């Protein structure tokens, strides 16, 4: 791996003006995005179009908990004359390459891929490494909020720093915009996704992309499942925590419960704080028993955790299977009824709405699902 350092030219040529205009156009495309998953794909496409001589551009993010092997998720890959792609967000973590499988990416993320003198402090530094007949150029994503990652560019020849300067500018704006987008979509106390982001994510789960083929249409008519489960979590006796220990300790309990959620669920499950002591999980895949086991694991982890001053905290969880064409309020109301029954039956338990219906505990009249108010 070698470092290439080049001072910026003092003359703005017509070619550089065109590059600058293209960069501005791609900045507009980036900042028009509100979908966090599509943002990286748009970045990869934009860089590929700016660098006419490169064969591919990839955006790779580090996923996984701090207490396990972190892995590289391809969140955007653009190649010449091919559709841009990304790994599905629900891919199994074990199937992804490990952090140290790519030393150049590892060094870029850790910020020690290059050394720089004081005289070169304002110069752009680029780490490049040859892999067979290709040159790989890796730049870190300059983000403070969200998953760390890198931009990886593959080309036949090394790229000059003058060529990469517009990319550096693009990455600066990209980092600033992602920080703003992530901050606006996350709860300020716990760092979980907030209530405002739930509806859009939920609708992706309940209304998959339509396949217009005859075979798919027949299959879709018979299908009512989406492969997603919605769980609603309520901290038991949380008012007692605030009244007995104060709101600062109450906030600490909320932060710790959010941390236990991150440790209990998979990297692709969506975790939300809806406000107060109420949390929501959008869990992908598996049967009702699998979903129950996941929520039960979380409940047990909370119960066994020693909270400062409060000591023991428990949660009540209700969950339901997301149906095709569900609305967020319909699915939430069903899971909410599970929480109501869990509290009614003594708290600190996980209950499935579907099981409660089969057992006759909850009566369903037609397609109507009533609203239940938690206490």
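What is the Cα centroid distance between segment 140-187 and segment 321-348, reported in whole angstrom?
Taking the Cα centre of each part, segment 140-187 and segment 321-348 sit 40 Å apart.
Measuring from label point to label point, each 7 Å out along Cα→Cβ, what is the residue 288 to residue 243 span in nm?
Result for the modelled spin labels: 3.7 nm.
Exposure proxy check: 239, 363 ranked by fewest other beta carbons within 10 Å?
Starting with the residue having the fewest Cβ neighbours, the order is 363, 239.
Sticking with the crude label model, points 7 Å out along Cα→Cβ, report the distance from residue 199 to residue 329 in nm, one decimal please.
Spacing of the two 7 Å Cα→Cβ label points: 1.0 nm.
If eta is 1.002 mPa s and T is 20 °C, what Stokes-Einstein diffusion coefficient results for segment 193-358, Kirkwood Rh from Cα pairs, in µm²/s?
The estimated diffusion coefficient comes to 129 µm²/s.
Report for segment 193-358 the percent antiparallel among DSSP-assigned beta bridges with both residues inside it, nearest 5.
Once the DSSP bridges in segment 193-358 are tallied, antiparallel ones form about 80 percent.
For a protection proxy built on the mean count of beta-carbon atoms within 10 angstrom, sort 320-333, 40-53 highest first, please.
Put in order of decreasing packing, that is 40-53, 320-333.
Using a simple spin-label model with points 7 Å from Cα along the Cα→Cβ vector, what separation in nm is obtained for residue 55 and residue 357?
It is 5.3 nm.
Rounded to the nearest 0.05, what FRET efficiency do residue 160 and residue 92 have when you use their Cβ-Cβ distance and R0 = 41 Å?
The computed FRET efficiency comes out at 0.55.
Only the coordinates and a few stated rules stand behind these numbers; no lab work does. Predicted model only: the values in this text are computed from it and were never measured. Heads up, the Cβs are rebuilt from the backbone with ideal geometry, glycines too, and the neighbour counts pull from every protein chain shown.
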